[in-house]
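Have a look at the structure below, then the notes.
The values are calculated or read from the model by the stated rules, or taken from the named source; none is laboratory data. Because the structure is predicted, anything quoted here is derived from the model rather than measured. A quick note on method: Cβ atoms are made from the backbone with ideal geometry, for glycine too, and the neighbour counts reach across all protein chains shown. These accessible areas exclude ligands, DNA and RNA; they are computed on the full protein's heavy atoms, side chains included. Shrake-Rupley method; radii C 1.70, N 1.55, O 1.52, S 1.80 Å.
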Amino acid sequence: VGLVLDVVPLFVPESLARAAREPFHPMANAANAWAFTSPHAVAAYDELRQGSWYPVPPFVYAVGEATGAALRGLGLSPRLPAEPTGRALAQLIGQNAAVQRVLHFCGADRRADFRHALSRLGLPLSELIAYQMVPTGASVRWEHGYAGALVFSPAGAQSLLQRPGRPSYLPLFAVGDTTAAALLALGAENVHIAPEPTLASLLAHAAAVLAT
C-alpha cells in the first residue's frame, strides 16, 4: 500500500497458564467448543496442557491464519471464518447448532466484540484469561517525523499517548471501535478507524487518508 513502517513493540505477551490451570478443567468440562482469537492464547494453552492431558472438544475455532496455524501445529483442526474478526467468528459458531457452550482462551485486555456477538446469538460463553500484555518500555522516536501511527489495542493507545513528544496533529489509525474509543477517551484528536478490524484494512485506510 506504499507505506514504510517502523514497528515499535510497546507490549509483549506474558503467559498466565499457571494461574489459569485451576479454572481450566471445570470450564473445559462445561464447554463443547473452544475459541482462540490470538496466537498468544494458543501458546498459553500449549503450556497449560503440559503434564496434564485433557480431551479436546469436538469443535475448535480460531480467528486469523496465524492463530489457526499455531493450533494446527499442536495437532488440532480449527475452523476459521473467512473474515478474521470476533464478530465473524461468533457468526460461524452460531451456524453450528451442536455448540452448547464456548470456552474462549483470551487475553486480559480482550476486545468485547466476540463476547457481545455470542450473547446476541444466545450462546453461553466462558472466558479463560490465558495471557496478558506487559509493557516493554520501548521509546518512540518522534523525531523521525512519522506521518501517522497505527494503534492495535486499548492498552497500546494508552501506552502510545503516554510517550512524550508526540505531535498533537499526528493522525492516529485505530484497528477497531474499541481502540478508537480508548484513544478518544484519553484526549486524542485526529483519530481514524479502519473500516474492518484487520491489519489489511487498517493499512489500506491509513494509506488512503495520508494520500489526501
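Report those helices (runs of 4 or more DSSP H) wholly inside segment 57-153 carrying at least 3 residues which are among the aliphatic types (A, V, I, L, M) and within 30 Å of Glu22 (Cβ to Cβ).
In segment 57-153, 65-72, 86-94 are the helices (runs of 4 or more DSSP H) which contain 3 or more residues that are among the aliphatic types (A, V, I, L, M) and within 30 Å of Glu22 (Cβ to Cβ).
Which of (1) closer than 28 Å to Ala206 by Cα; (2) modelled with pLDDT of 95 or more does Ala138 not meet, given it meets every other one?
Of the numbered conditions (1) closer than 28 Å to Ala206 by Cα; (2) modelled with pLDDT of 95 or more, the odd one out for Ala138 is (2).
Of all residues in segment 47-69, how many are under 24 Å from Pro26 (Cα atoms) and either touching a residue at least 60 places away in the same chain (Cβ under 8 Å) or among the charged types (D, E, K, R) (or both)?
Here the count works out to 3.
Here's a check for you: in segment 15-44, which residue that is over 14 Å from the mean Cα position of the chain (by Cα) and closer than 14 Å to Tyr61 by Cα is most open to solvent (accessible area, probe 1.4 Å)?
Selected residue: Asn32.
Looking at Leu89 and the list (1) more than 17 Å from the chain's Cα centre (by Cα); (2) surrounded by 17 or more Cβ atoms within 10 Å (Cβ to Cβ); (3) not aromatic (Phe, Trp, Tyr), which single condition is not satisfied?
For Leu89, the exception is condition (1).
Of Leu172, Leu183, which residue is more than 23 Å from Ala108 (Cα to Cα), surrounded by 21 or more Cβ atoms within 10 Å (Cβ to Cβ) and under 20 Å from the mean Cα position of the chain (by Cα)?
Leu172
Of all residues in segment 187-212 being loosely packed, with under 14 Cβ neighbours inside 10 Å and over 26 Å from Leu89 (Cα atoms), which is modelled with the highest pLDDT?
Ala208
List every residue pair whose Cβ atoms lie under 8 Å apart, where the two residues are 6 or more positions apart in sequence or sit on different chains, the first residue falls within segment 70-82 and is touching a residue at least 40 places away in the same chain (Cβ under 8 Å), and the second residue, located anywhere, is surrounded by 16 or more Cβ atoms within 10 Å (Cβ to Cβ).
Note: pairs meeting the criteria are Pro78/Phe36; Pro78/Val60; Pro78/Tyr61; Pro78/Ala62; Pro78/Thr67; Pro78/Gly68; Pro78/Leu71.
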